[in-house]
Amino acid sequence: MNKGEFLYEDKAKKIFYTDDPLLVLVEFKDDATAFDGVKKDRLEDKGILNNRLSALFFKLLEDNGIKTHYQKTVSEREMLVKALDIIPVEVIVRNIAAGSLSKRLGIPEKTELKKTVLEFSLKDDELHDPMINHYHIYALELARPEEMAEMEKTALRVNDILVPYLKERNIILVDFKLEFGRHQGEIVLGDEISPDTCRFWDSSSGEKMDKDRFRADMGGVIDAYREVLRRLEGGEGPAVEGKS
Ligand code: 5GP
């Protein structure tokens, strides 16, 4: 599979055509951004770690019957994925109050939610990804009702798969964001699943092991990502060349 012309890039990834029109290549960058790009940095090896972690999660989900865009890992920073017509609706799944939910509704961080919460945001950086509901989604023709039903069912199923999987590895899945797209008439899970898009807390200490460390200038961002990968791969840490 040959890497073709550059297609586009977002804050964390570059996308390239391949010689198969149904497939594109995703290259994970080391760039880190927060607060709609106001805070920026480069975190060495983040792209390598997120490529590995996303592949691991996508494979786990595929093994459990979820349709994802993941095809195969091509290099330490690159994965081959199905080309999607992206649905511009971010699906957020929450198990424990944190982040914008805590702020918006005045719920203290760490409050366990009695029921899993699903939220939807319009994927639009300029508008700061505003929260939207089904009425907006249908009025703006962002997705059809049957597509929303499929996305919601899949998001809850992903949560049901990931929560126990991570718990066994001493990680609490607090919340996460998913993106979906259309591919040959099917709704497929796309984007990435990584500490950039999920909140992971250590089950014993409660310590944050995700992008919140970057957002809050806590330091130790990459060490935390590496520790997540170490726990999930069950070995002695990632074989990221030349790094401790
Ligand atoms: P919150 O709404 O509390 O900021 O985010 C909820 C969850 O969704 C967090 O795990 C967060 O990382 C993820 N999330 C929501 N929107 C975005 C986004 O635009 N980019 C990334 N990387 N993650 C997001």
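The values are calculated or read from the model by the stated rules, or taken from the named source; none is laboratory data. Worth saying up front: this structure is predicted, and the values here are computed from it rather than measured. Ideal geometry is used to build each Cβ from the backbone, glycine not excepted, and the neighbour counts take in all protein chains shown. Protein only, heavy atoms only, side chains kept; ligands, DNA and RNA dropped before computing areas. Shrake-Rupley method; radii C 1.70, N 1.55, O 1.52, S 1.80 Å.
Are any residues in region 183-198 of a type outside the set (Asp, Glu) and either in contact with a His (Cβ under 7 Å, 6 or more places away or on another chain) or on the phi < 0 side of the Ramachandran plot (or both), and if so, which ones? I'd like the intermediate steps shown before the answer.
Restricting attention to region 183-198, the residues satisfying the condition of being of a type outside the set (Asp, Glu) are 183-185, 187-190, 193-195, 197-198.
Passing the criteria: 183, 187, 188, 189, 190, 193, 194, 195, 197, 198.
May I ask you to list the residues in region 35-55 that are of a type in the set (D, E, K, R) and free of Cβ contacts under 8 Å to residues at least 40 places away in the same chain?
Here is the first cut: in region 35-55, the ones of a type in the set (D, E, K, R) are 36, 39-42, 44-46, 52.
The answer is 40, 42.
Anything in region 75-97 that is of a type in the set (Lys, Arg) and open to solvent by 30 Å² or more (accessible area, probe 1.4 Å)? List them, or say none. Even if it seems obvious, please write down each step before you answer.
Quick first cut of region 75-97, residues of a type in the set (Lys, Arg) only: 77, 82, 94.
Correct list: 77, 82.
Could we say that residue 32 is more than 17 Å from residue 210 (Cβ to Cβ), under 14 Å from the mean Cα position of the chain (by Cα) and surrounded by 14 or more Cβ atoms within 10 Å (Cβ to Cβ) here?
So residue 32 fails the test.
I'm checking my understanding of the structure. Among residues of region 75-85 that are of a type outside the set (Lys, Arg) and in a strand (DSSP E or B), which one is farthest from residue 15 (Cα to Cα)?
Of all residues in region 75-85, those of a type outside the set (Lys, Arg) come to 75-76, 78-81, 83-85.
Narrowing further to those that are in a strand (DSSP E or B): 78-81, 85.
Values: 78: 10, 79: 10, 80: 10, 81: 10, 85: 13 Å.
Among residues in region 75-85 that are of a type outside the set (Lys, Arg) and in a strand (DSSP E or B), the one farthest from residue 15 (Cα to Cα) is 85.
Please verify whether residue 125 is within 12 Å of the ligand (Cβ to nearest atom), farther than 21 Å from residue 63 by Cβ and open to solvent by less than 60 Å² (accessible area, probe 1.4 Å), treating the condition exactly as stated. Don't jump to the end; show me each part of the working.
Working: within 12 Å of the ligand (Cβ to nearest atom): yes; farther than 21 Å from residue 63 by Cβ: yes; open to solvent by less than 60 Å² (accessible area, probe 1.4 Å): no.
No.
Determine whether region 154-175 contains at least one residue that is within 16 Å of the ligand (Cβ to nearest atom), within 28 Å of residue 41 (Cβ to Cβ) and either open to solvent by 40 Å² or more (accessible area, probe 1.4 Å) or part of a loop (DSSP other than H, G, I, E, B) (or both).
Yes; the residues of region 154-175 include at least one that is within 16 Å of the ligand (Cβ to nearest atom), within 28 Å of residue 41 (Cβ to Cβ) and either open to solvent by 40 Å² or more (accessible area, probe 1.4 Å) or part of a loop (DSSP other than H, G, I, E, B) (or both).
When the residues of region 41-74 are filtered to those that are in contact with an Asp or Glu (Cβ under 8 Å, 6 or more places away or on another chain) and part of a strand (DSSP E or B), which remaining residue is least open to solvent (accessible area, probe 1.4 Å)?
68
Taking region 1-40 as the region of interest, how many residues are more than 14 Å from the ligand (Cβ to nearest atom), not in a loop (DSSP other than H, G, I, E, B) and not polar (S, T, N, Q)? Steps first, answer last, please.
First pass over region 1-40, keeping only residues more than 14 Å from the ligand (Cβ to nearest atom): 1-9, 14-27, 30.
Next cut, not in a loop (DSSP other than H, G, I, E, B) only: 3-9, 14-18, 23-27.
If we keep only those that are not polar (S, T, N, Q) too, we end up with 3-9, 14-17, 23-27.
The qualifying residues number 16.
Any residue that is assigned to a helix (DSSP H, G or I), more than 8 Å from the ligand (Cβ to nearest atom) and surrounded by 12 or more Cβ atoms within 10 Å (Cβ to Cβ) - is there at least one of those in region 98-113?
The answer is no, given that none of the residues of region 98-113 is assigned to a helix (DSSP H, G or I), more than 8 Å from the ligand (Cβ to nearest atom) and surrounded by 12 or more Cβ atoms within 10 Å (Cβ to Cβ).
With the structure loaded, tell me whether residue 206 is without any contact (Cβ under 8 Å) to a residue 60 or more places away in the chain and of a type outside the set (Val, Ile, Thr) or whether it fails that test.
On the way: without any contact (Cβ under 8 Å) to a residue 60 or more places away in the chain: no; of a type outside the set (Val, Ile, Thr): yes.
The answer is no for residue 206.
Which condition breaks for residue 146 when tested against (1) part of a helix (DSSP H, G or I); (2) touching a residue at least 24 places away in the same chain (Cβ under 8 Å); (3) of a type in the set (D, E, K, R)?
Condition not satisfied by residue 146: (2).
I want to confirm something. Restricting to region 70-115 and keeping residues that are in contact with a helix residue (DSSP H, G or I) (Cβ under 7 Å, 6 or more places away or on another chain) and hydroxyl-bearing (Ser, Thr, Tyr), which single residue is nearest to residue 144 (Cα to Cα)?
Checked region 70-115; the qualifying residue nearest to residue 144 (Cα to Cα) is 70.
What number of residues within region 176-197 satisfy the criterion of being part of a strand (DSSP E or B), within 9 Å of the ligand (Cβ to nearest atom) and open to solvent by 10 Å² or more (accessible area, probe 1.4 Å)?
1
Name the single residue that is nearest to residue 233 (Cα to Cα) among those in region 153-203 being among the basic types (Lys, Arg) and touching a Lys or Arg at 6+ places or on another chain (Cβ under 9 Å). Spell out the reasoning first.
Filtering region 153-203 for residues among the basic types (Lys, Arg) gives 153, 157, 167, 169, 177, 182, 199.
From what's left, touching a Lys or Arg at 6+ places or on another chain (Cβ under 9 Å): 169, 199.
Working: 169: 10, 199: 18 Å.
Going through the qualifying residues, I end up with 169.
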